[in-house]
Structures are given as structure tokens and as C-alpha cells.
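Notes for the one structure printed next.
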């Protein structure tokens, strides 16, 4: 199990993180209920904010007295940070319930995010459920050259789709946006099936042609990312140009607590974004 | 580096006695704050004894540790050293060298640790005990911050503002010194760890008494302090690892052991300069070196001489993990006693009013079933996967993550495992199974 | 170090109501709540103690935000009462080994309550609970020998003035065998600090931090030397769930497992360890047959010691 392209071990002197241990207060300035259990909050720093973030990075979000969890950044500009949170436990529930005007604590931004898209070649974004949240900044950046961008979105049911109001904006900007659900409801007239079935509608340059190789960005449940990466490889995307975002439990976010180990990597430091080849090598072992 | 006149004068003597310290070079004869001139010993046993940090190796003979303890306490340090308590040699604060475990040795084996009386009065004549120095540098429980919600609706978050304690560790073995270096690399970014670590004064001790569970030689972590201290790959390189090194020489019948003391850092040089001492005679220095050399040949155990990182990476699906899991209690003792295991969990708390919140960091272990908990369940539920995580991390993936092995061969995990699971035996089994495949 | 000041909405002040219920138990766990001397006033200010007969005879009708339930189910009446308690409780927390595991009185599960004759170990199962009433009816119809009946009656007369009033189920079962339980505080008795942590967590809407790891970890956090390794003392710490603060080893004795088995406890691996520390098969059976005897992990461990070595 060799892991390629991991950063050289960093020798960290003194105190590069400064107060990375202490949450910085942010105020909830906007709140939007995406689905029955998922909320997007826009947060503005009360005083000095965090450093600039990059797409695919995460922050540790603290709800007063309840606890702290890692959440990917789904957008924001300037000092504003946007998080999209699905309520699956006490802390995520508290963040989802935080009213406009209330205060959350943020630490970060942490982790290695999505690599920039290469100068040329198609860009394929594959998102499952809440996995669309960390990919949203990739999509927004990709809209600068919309002709290259395909966004494939899957969810369990139509009611579980997030950012639905933005799909048409992305299409209007020139991106190919395809949506599917695992289970349709009465109102659904679109595609039904797992997200990889949408790939047949996306022309991918076969390898060996003169067209530059495409790049894939995948986020969703672990099984979906594995199958999604396989499908992209089968469609001709080189494995080292497919990126996935891993999830492991995290307590510190800065490679001190050990919780997010996945074999040779610390997901908070060496991830959450890793290339599909490494991800496949790591995830092939059960309970790693 | 050495004042030329003296150096020339001593050049014909292999074990010349002298003192050098970077900030007091050439100040021989008048060290100390207005105290009578002390003659400080420096053993120049070869020409290349310059240390990377510019400090010259120098050795002195101490006939008692009491002045050292007194001096360190006078410097404002909390002196922590080995003490005999509850049937073990534990690490705790001492205010006198008389509290050191004089004449106590230990006998260890898988799942067994017993004190025994020694024929001599050595105070460092015992191998690793139930605790490691991480207890002080990386405490079991630590408040990271507290937050208050005022009656007017304001929120104040306050970080730790206490002065970091100034510890002086007395009797850090080579394996444990190496462990501190390993934790420096992992935890150096933690402000509170860094503060405690930087303030600490370390008196290392060369090990002359390895036990049946020791394997520091094959782990590249002892028994010679200096070999560990000067490892070129040590990081962060700007921290002194140890300040003083001692070698204890105890003979049955002697009232007190002799100590050959060597300064390893400028701070160590300054402290050593203030201690009553005599030059270390060549035969004593030679005896000290011989004792450490003999320890090298008396390791109770060893790690197999293979690339453990590669071997373990190829063994993730070995049937041997199930074999260990049948014996493993998943009680986490091995991780708790391990001097390098660093994992922690944080717990957020509130008081009953709900207006005062705190975050506490506590030692945690990859053997906890909740350790890998992600919404929906834990990643590592089986005992097999949890033991595998520990062993493969310690000896294999630690290298991927931090560029070095996480094991120092202190043998604590073997002795303090109630089920007596022996990491060296398990690695050997995995190695031979791998070779068969 | 840092002071970050910001306006934050204080949650509206509604005092949650707390009820404390007793089933078959010794009251020790309830007393732990009263033993929170320093925090009791703060607690009374924060929560509305609506039902707590050990502390006050004032009773406020439900529903209750939090119910603490002490004791096990040993009678037909209690089996019905716990269902009503559950219906009235938003969060139900069982406190102590009786409520979480059936308690010491679950030793009755190993014998026939009427006959007082040791039988093969049996633990509570759902099926058995369903059949319990039928069993009792069978017994009432006289399906047993006259000698045994006499012995049982003799025993009851020694203990109770009016043995005919005694009406008990054949088993002592944990609350979770009857109704859904939200959180469990283990121990005989429970740990005061853990109780306060739990109440603080529930008040803040936080998931209580109830450790699922071994007592060994608490020994190590405290800096207590392992009594098993350094003294050869038999100790159940490696298979017992933490939460007590490792009190017993601090006082130089082995853990006797009053917090019950931790998740994934490997009692099979501990057996040779205990035997090597001088315990006999009978000792091992006894050490597991205490407050948590009816948990399947400890029951299996107690039974295993009589199995021939494989």
C-alpha cells in the first residue's frame, strides 16, 4: 500500500497555528433550509475572522456548550463563510437550529482542498447528497470556463437535493448540470438511478485521443465515491486526475489528536481531498 | 573552541579535564555566581566531540544528586523523578534526592512487573515503569479553553493563561528521550505542549540496566543517551533534547553511587557548573561507557531486522490479526503506557447553568470502540482492526505520517499488557507469515 | 490569553422538569443525586424537580423532560409502571446496575425463585419476558413438588412476616428489556460526577460523554499503577466499562466490575489472566456474578469458567 504524492512530513517548529485551538466567534447572518434535515448558514466574523479558505477545506464548527464538528466550506466571499450542514447528531442539529443573530465558533480553515482544475480538459463534478456542499466552490470556480464543466448530482430522493435554486443559474452560465435521484416521488420527472448512470450523458474524451484529459471531483458517501471513481476511470479519466473528499472523525483538525487516521494519512492534514488512486488503495482494507 | 593555552597544555592527555560552554568559553576557573572558583570537568576523549548545537562534551564526576536537585529547585523547577510507590517505580515530584528509589530494581516480563531489591544502592537501576514523561509534557487531562455567556448575552472565550510549569526531569532514559523527540515532532504545534516542553530541563540517564522486555537497540533508541540525542533526523532541531546526561555507577557496599555527568546543552552546562564535583578519572569514564555498552548487549527482546513499514503495509489482511485479537483485551493499556502514543479526545462541557462552557482534552486510545466513531457507527469495530491500527501505526504508518518510527523499544506495552501480548513477537509472527506468502 | 466578546442570544429560560423513579433497588443511586451537595442548589434552580420521592413528597404530574430511573423490574406491577414512566418521559435515563443490568437481585435469574434450587444459568431474553406470566400461572397451578414448595415457604417465612403478600417475577430484568432507554449510567452505585455531567449535557442539548472504554484507561489517566500487572491482583478492569474513575485500584484492590462490561469486552482473553493470578474457576464465576450478573457478557464469562478447556 504505497501512497503517492503525499506531502513530505512537515517539521513544525514552535507555534505555527497560533490560536488554532480556540474557536473564533462568527455570527449567523443568513440561514436557508435546503431540505428537511439540511441547512445552509452564512457566517460573518464578529471580530477578526479566520484566514482565507480554499475550496474543499473545512472548519471546525462549535455550537456553544454542545460540541464541535468538522464541516466543509460550501461557499462565501470575503470574510463570510458558508456552511451546509446535515443534522445527523447533537452538534450538527444545534448548528442547523442556530437562528440568525446567534453565534457559532469556527476554527480553521484546515486541510488540503480540491486541487485547481488544470488549464485544459473537461471538468466533471460528481456529487452525492450533502457531498455537493464541498464541491460548490469548485463549481462556482468552474463557471468561469463553463463549457468545460459537467456537474452530476445525485440524491436519495428529490427532497434530499440541495442548492436546487442554483442549478438553473449554473446551466445559464453554460455548465452541463444533470440531476438524478435513487427514488423518485410523484413530482419527479427527471432521471432515476445512481449518479454514475448520468455519466453516459457526458462526453468524455477517450484516452489516447489528442484532447486533453478530463479531471474529476467526487464527494458523497464512501461507496458512492468508490463507484464514482471507478466509473470515471472506465470513462477514460486518468486516476491521478480524479479527486475525492474523505471523511473521518476529527477532534482537533490540525493533526494532533489522531482520530482521523486512515492508514498512512491523517485526513485532516493530508486530506480531506486525496486522489482516487490513493483513496482506492486505502479504502480496499475493511476497518482501516 | 577550547582556549588555546589550556588545550595545548592538555593535548597530550586523552581524558583532559576542562570546561567549555558556548556562552562562557574560556571562563575556566570562575563559573558560578560569585561562588568560589570551581574546577569543572570536561573530558576531551576525541577531537570531534563538538556537538551540533555548539556545546562541547564535558564530563564531571558527581558523588551525590542532592546538589543537582537543590540547584534545579532553586532555579524554580519542579523536579520530577522516579520514586518507589504502589509496588512500582513511578514518576512524581521530588524535593530531595533521598526520595529517589535507592536500591530498587525491577523484573519485567509479558504482563508482569515486580520490584526487587538490588545489591547496590543505584537509584536508576530499574527499567521503564508504568508511566512515561508524556504524563507531564502531554498531560492526561488538559483544559484547552473556557467560554462564558454573560447575562447581557456576551460570549467570552478564554484560552489557558497559566504559566506553563517548569519541569526538571531527572532520569530520562535514552528510550524515553527518543520518545520525547518523537512527541516533539507530533505535538510541537500544540501551543501548550510547546510551552511545557521548552521550559523543561531534562537530565537524561544512560541505561545500564535493560530488562527482559527492553528492545531499544533494535528500535534505534538507546541505551546510549548521546546516540539518541545527536540523531541527525531529530526534529525540531532547534530544541535541546536533553540538557544533562548521567551515567550511574553503583557497586554493592558503596554508600552512594557515582555519577558521570555530561552537559548536552548550554543550560545543562550552566547547571553542571554549579554542582560540587571532581574531574571524572579516565577509568571511571571508561567504566561508565563500558556499562552502557554492556547494556547494548543485554536487550531482552528485539524487533526483526526488516523494513517494518513495508512489511506491515503488506500485512493488512493477514490472518494473524485475528489471532492477536483473540488474546487482546482492547483495554488500551498499551497505548496509555506507551511514551509516544499521543492520541486525545476533546470533550465539551457546561456547568448546570449552561452559561459556562469548557473544552477538555483527554488521552484517548485507538483501542476505544468510539475512537473512530463517525455518524452512523465506528469505522474500527472489531478488536482485530483496532489492534492492527495500533501496531501498524506504531511501527509502520508513523513513518508515513511523521517520517520516523513511533516505537522506542521501552517495552512498556509488553510489561503492562494484562494479557502479556508482546509487540516484538507479534511483529515476528507477521514477518514470518509475510515471508511465507 | 484571548478574549473574544460578541453578542449571543441566551436561550429562553424554561426550567426542564426532572423526575426520579425507583424500582427494585436500594436507593443508593438516588442518594447519589442528593449527595451532589455543592451542585444541588444550582440543580434545583436549573431544573424543576417534579417527582423525587426520596427528596420531596410533592408530586407534579408529567410529562417530564428527563426521567432518571433507578432499579430493576421484578414485579408484574413494575412491569406495567415502567411503561407509563416511559410514556411520560421525553428522555429516559437508567441509573445504576439494577436499572441497567438487573442488579444483584438478578442472581435470582440463576435459580428458581420458588424452589431455591440452583439451576443452569439463564439470562433474561425477550422470549422469556413474554412467557413470564404464563410461567407464573403454571406455578400457581401447583406444578411443582410438595417438598420444594415447603422449602420455599420456609425461606419466605424467615424473611417476610406475611409471605403470602410476596408476588415477584421469576427474574430481575433491566429497564431496557421493557422500554426504550435513551442513556445509561452504569455502576453500583453510579458516579456522582458522571451524573452531573449527564444532567449538564442534557440541559445544554449535548450528547452526554459516557465512556465506552475500559477502567484501565481511567487508572492510567489517574496515574494509578496497574494492580494486576504490578501485584498480580485479579482485576476486572480490562473488561469493565469506565465511569467510576477507577476507584478500587486507587485503594489497591482489583476492579470488581460494578460498571458492567464495556462494549466488546473480551472476557475470554481475561480468563487465563485471572487464573494465572490465583483465581479458581469458582472464583471467576463468583466475580462475574455480582451486580451485572445478568448481562450476557458477564453471564457467559461466569459460565465459561466451568466449561472444559478446549
Distance (nanometres) between label positions extended 7 Å along Cα→Cβ at residue B:375 and residue C:222: 3.7
Residue B:143 versus residue B:289: modelled label distance in nm, points set 7 Å from Cα along the beta carbon direction: 5.2
Pairwise centroid distance, computed over Cα atoms, of the range C:47-94 with the range B:146-215, Å: 47
Inter-chain shielding of B:365-378 (mean C-beta neighbours from other protein chains, 10 Å cut-off): 6
Value of relative contact order over the range A:45-105, rounded to a whole percent, pairs C-alpha under 8 Å and six or more apart: 29
Sites residue C:168 and residue C:282 - FRET efficiency at Förster radius 22 Å, r taken between beta-carbons, to 0.05: 0.20
Top of A:24, A:46, A:181 by mean-square fluctuation, Gaussian network on chain A, Cα under 10 Å: A:46
Shielding by partners, peptide B:193-202 (average Cβ within 10 angstrom, other chains): 1
At R0 = 45 Å, FRET efficiency that the Cβ-Cβ distance of residue B:297 and residue B:326 yields, to 0.05: 0.80
Relative contact order for the range B:308-436, counting Cα pairs under 8 Å that sit 6 or more residues apart, in percent: 34
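Before anything else, pin down the relative contact order of chain A: Cα pairs under 8 Å, at least 6 apart, normalised by residue count, whole percent.
This gives 17 percent for chain A.
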For the range A:38-69 versus the range B:71-129, the gap between their alpha-carbon centres in whole angstrom: 48
Choice from A:187, A:197, A:38 showing the highest fluctuation, given a GNM over chain A with Cα pairs closer than 10 Å: A:187
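From largest to smallest, what semi-axes in whole angstrom does the range B:281-437 give when each is the square root of 5 times an eigenvalue of its alpha carbon gyration tensor?
Working: eigenvalues 228, 123, 37 Å².
In descending order the semi-axes read 34, 25, 14 Å.
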Square roots of 5 times each gyration tensor eigenvalue, C-alpha, the range C:215-304, largest first, Å: 19, 15, 10
Cβ neighbours within 10 Å from other chains - mean over B:278-291: 0
Label-point gap, in nm, between residue A:197 and residue B:161 - each point 7 angstrom along Cα→Cβ: 6.2
Calculated FRET efficiency for the pair residue C:31/residue B:278, C-beta based, R₀ 45 Å, to 0.05: 0.10
Kirkwood-Stokes translational diffusion coefficient of the range A:24-110, alpha-carbon pairs, 10 °C, 1.306 mPa s, µm²/s: 128
Residue with peak Gaussian network fluctuation, chain A [Cα springs, cutoff 10 Å], from A:66, A:194, A:273: A:66
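No lab work stands behind these numbers, since they all come straight from the coordinates. Treat the numbers as computed from the prediction; the structure is a model and nothing was measured. Positions of Cβ are backbone-derived with ideal geometry, glycine not excepted, and every protein chain shown enters the neighbour counts.
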